[in-house]
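So the structure is just underneath, and the comments pick up after that.
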């Protein structure tokens with residue numbers, strides 16, 4: 001029996017990629033996690049954001065966050081894959097403790113994502129209609 005933990009990984013893709021190439025890269029990492037026995041619990045695409053400091057002479061990057069549950073071996077494999085990929089500017093994978101999991105559940109509810117993944121309308125949008 002493999003012991004699984006909750007993890008969150010954030011990676012920044014180079015801004016020179018097209019939208020299609022960005023989707024392909026995200027799909028590749030999603031597949032890598034699933035192939036290693038991980039179960040993806042949440043995923044967010046933050047889009048193109050300004051970096052705090054230049055990385056490889058680039059000042060922006062595409063941010064993507066994946067929360068997953070899996071064995072420690074899948075994290076090691078993911079790190080090796082990130083390191084070898086020239087599309088990745090930076091990455092970070094952390095294990096989530098009970099406090100982080102509680103925060104993530106509150107955050108999902110606060111920003112309109114229910115437990116079933118449906119997006120609720122923003123209050124501002126509903127007042128405009």
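The values are calculated or read from the model by the stated rules, or taken from the named source; none is laboratory data. Remember, it's a predicted structure, so these values are computed and weren't measured experimentally. In this analysis, Cβ positions are derived from the backbone assuming ideal geometry, glycine residues included, and neighbour counts consider all displayed protein chains.
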Residue match in the stretch 47-59 (condition: at pLDDT below 95, within 13 Å of the chain's Cα centre (by Cα) and assigned to a strand (DSSP E or B)): yes
Go through the stretch 1-49 and give me each residue that's touching a residue at least 60 places away in the same chain (Cβ under 8 Å) and either within 13 Å of residue 62 (Cβ to Cβ) or loosely packed, with under 11 Cβ neighbours inside 10 Å (or both). 2, 3, 10, 11, 12, 13, 14, 17, 21, 25
Got a number for residues in the stretch 99-129 being within 26 Å of residue 73 (Cα to Cα) and either at pLDDT 80 or above or in a strand (DSSP E or B) (or both)? 0
Looking at the structure I just gave you, is residue 91 part of a helix (DSSP H, G or I), touching a strand residue (DSSP E or B) at 6+ places or on another chain (Cβ under 7 Å) and at pLDDT 85 or above? no
Among the residues of the stretch 71-86 satisfying the criterion of being more than 15 Å from the chain's Cα centre (by Cα), surrounded by 14 or more Cβ atoms within 10 Å (Cβ to Cβ) and touching a residue at least 60 places away in the same chain (Cβ under 8 Å), which is farthest from residue 3 (Cα to Cα)? 85
Checking residue 20 against (1) assigned to a helix (DSSP H, G or I); (2) over 16 Å from the mean Cα position of the chain (by Cα); (3) under 18 Å from residue 70 (Cβ atoms): exactly one of these is not met. Which one? (3)
Just for the stretch 50-70: of the residues that are touching a residue at least 60 places away in the same chain (Cβ under 8 Å) and touching a helix residue (DSSP H, G or I) at 6+ places or on another chain (Cβ under 8 Å), which one is nearest to residue 17 (Cα to Cα)? 67
